[in-house]
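The values are calculated or read from the model by the stated rules, or taken from the named source; none is laboratory data. Predicted, not measured: the structure shown is a model, and the values here were computed from it. A quick note on method: Cβ atoms are made from the backbone with ideal geometry, for glycine too, and the neighbour counts reach across all protein chains shown.
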Amino acid sequence: PLVPMNELLADAVARDYTVVQFNTDCIEITQSFLRTAEEYAAPIIVGVGQGAVKDGKIAPIAAMLRDYCARSKLPVCLHLDHSEDPDQIMQALRAGFTSIMIDGSARPLAENIEVTNHVLGLCRPLGVSVEAELGRIPGVEDDMVVTEEQANKVDLAVVEEFVSNVSVDALAVAVGSAHGIYKAEPKLDFELLAQLVGVTDTPLVLHGGSGIPDTALRKAFGMGMKKLNVGTELRLGFLRGVHAGVEAGDSIYACFERGRKIVDGLVLSKLEVSGSAGKA
Ligand code: G3H
Ligand code: ZN
């Protein structure tokens, strides 16, 4: 069934594991998350990024994904990722998302607090969960590009001020990961993470989960990262499978299945390292 994100995160806090958000670009990729999550009994978040909802697709995509998620035997959350726009969030609420991210990280702190509180006012009466972001994560996610110069790790005092003014269900923090393909090995700032965990009980979210070695992920999860977002690895894996199928002269559906099989393996690896396999 479809559930809000706060239910999944509360269980992850209580039973000491991390929930994974898998971002989808097409229904075939979603089928892979859902079947793998069911097979390994893991609660998951289906993330819908800005690329997936472009060109007026928010309502039709949500209708299809809601139907798929609702059929799952396991708890699944349908989450709108990296929205910067309250009007788009209104559309997402009408379309039936159970969780949304208001990414105010490009705004000055006072404005980020204001827009996040505004979005909370829209979501709370409907029981929809809210994720916010502090610091700026570098890299490329669909049309969102944050250069190394624009990026900055989260500031401890900013987090303290934010959480004393806003009560969100999850907080994305920039601690050294990046969106998209890494040019060099990512260096997570574990010292900063330890300080963050010391100043807030809000479940923290690690974005840019693709390409982070399992050892670093395990350490971050052990220190209290309660949600991991993964996108790029899956879309590249899916395309690799489809491409191999095209080269082999397969039918379109056989190409999709090759793509899904690769995504299944990537999803399973994240479910295992997060400790969420077997928790649903
Ligand atoms: O919000 C989406 C995630 O942060 C995904 O990042 O594409 O680098 O895995 P990624
Ligand atoms: Zn992200």
For this session: Please go through segment 161-179 and pick out each residue that is within 12 Å of ligand 2 (Cβ to nearest atom) and out of contact with any helix residue (DSSP H, G or I) (no Cβ under 8 Å at 6 or more places or on another chain).
Result: Ala172, Ala174, Ser177, Ala178
For this session: Mind telling me which of the residues Leu228, Leu217, Leu234, Leu188 ends up being at negative phi, under 15 Å from the mean Cα position of the chain (by Cα) and not in a helix (DSSP H, G or I)?
Result: Leu228
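Within the group Ala70, Ala92, which residue is in contact with a strand residue (DSSP E or B) (Cβ under 6 Å, 6 or more places away or on another chain) and away from ligand 1 (no atom under 16 Å from the Cβ)?
Values: Ala92 fails: away from ligand 1 (no atom under 16 Å from the Cβ).
Exactly one residue qualifies, and that residue is Ala70.
Do we find that Val242 is crowded, with 20+ Cβ neighbours inside 10 Å, assigned to a loop (DSSP other than H, G, I, E, B) and away from ligand 1 (no atom under 14 Å from the Cβ) in this structure?
Numbers: crowded, with 20+ Cβ neighbours inside 10 Å: yes; assigned to a loop (DSSP other than H, G, I, E, B): no; away from ligand 1 (no atom under 14 Å from the Cβ): yes.
The answer is no for Val242.
Do the conditions hold for Val130, that is, is it modelled with pLDDT under 95, buried (at least 17 other Cβ atoms within 10 Å of the Cβ) and closer than 14 Å to Val205 by Cβ?
No.
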Seminar exercise, completed: Pairs returned, first residue in segment 170-196 that is among the aromatic types (Phe, Trp, Tyr), second residue that is part of a strand (DSSP E or B), beta-carbon separation under 9 angstrom, 6 or more apart or interchain, are Tyr182/Gly139
Seminar exercise, completed: The residue from Val154, Val140, Val119 that alone is in contact (Cβ under 8 Å) with a residue 12 or more places away in the chain and under 22 Å from Gly96 (Cα atoms) is Val119
Exercise. Looking at segment 142-160, is at least one residue closer than 19 Å to Leu236 by Cβ, surrounded by 15 or more Cβ atoms within 10 Å (Cβ to Cβ) and either within 15 Å of ligand 2 (Cβ to nearest atom) or of a type in the set (Gly, Ala, Ser) (or both)?
Worked result: yes
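If you scan segment 98-115, which residues turn out to be free of Cβ contacts under 8 Å to residues at least 60 places away in the same chain and away from ligand 2 (no atom under 16 Å from the Cβ)?
Across segment 98-115, the qualifying residues are Arg107, Pro108, Leu109, Ala110, Glu111, Ile113, Glu114, Val115.
Here's the yes/no breakdown for (1) surrounded by 20 or more Cβ atoms within 10 Å (Cβ to Cβ); (2) farther than 16 Å from Val128 by Cα; (3) modelled with pLDDT of 95 or more; (4) among the aliphatic types (A, V, I, L, M):
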| position | (1), (2), (3), (4) |
| --- | --- |
| Thr36 | yes, yes, yes, no |
| Met64 | no, yes, yes, yes |
| Ala92 | yes, no, yes, yes |
| Phe97 | yes, no, yes, no |
| Glu114 | no, yes, yes, no |
Seminar exercise, completed: Residues of segment 149-174 being within 15 Å of ligand 1 (Cβ to nearest atom) and either modelled with pLDDT under 95 or charged (D, E, K, R) (or both), in sequence order, are Ala151, Val154
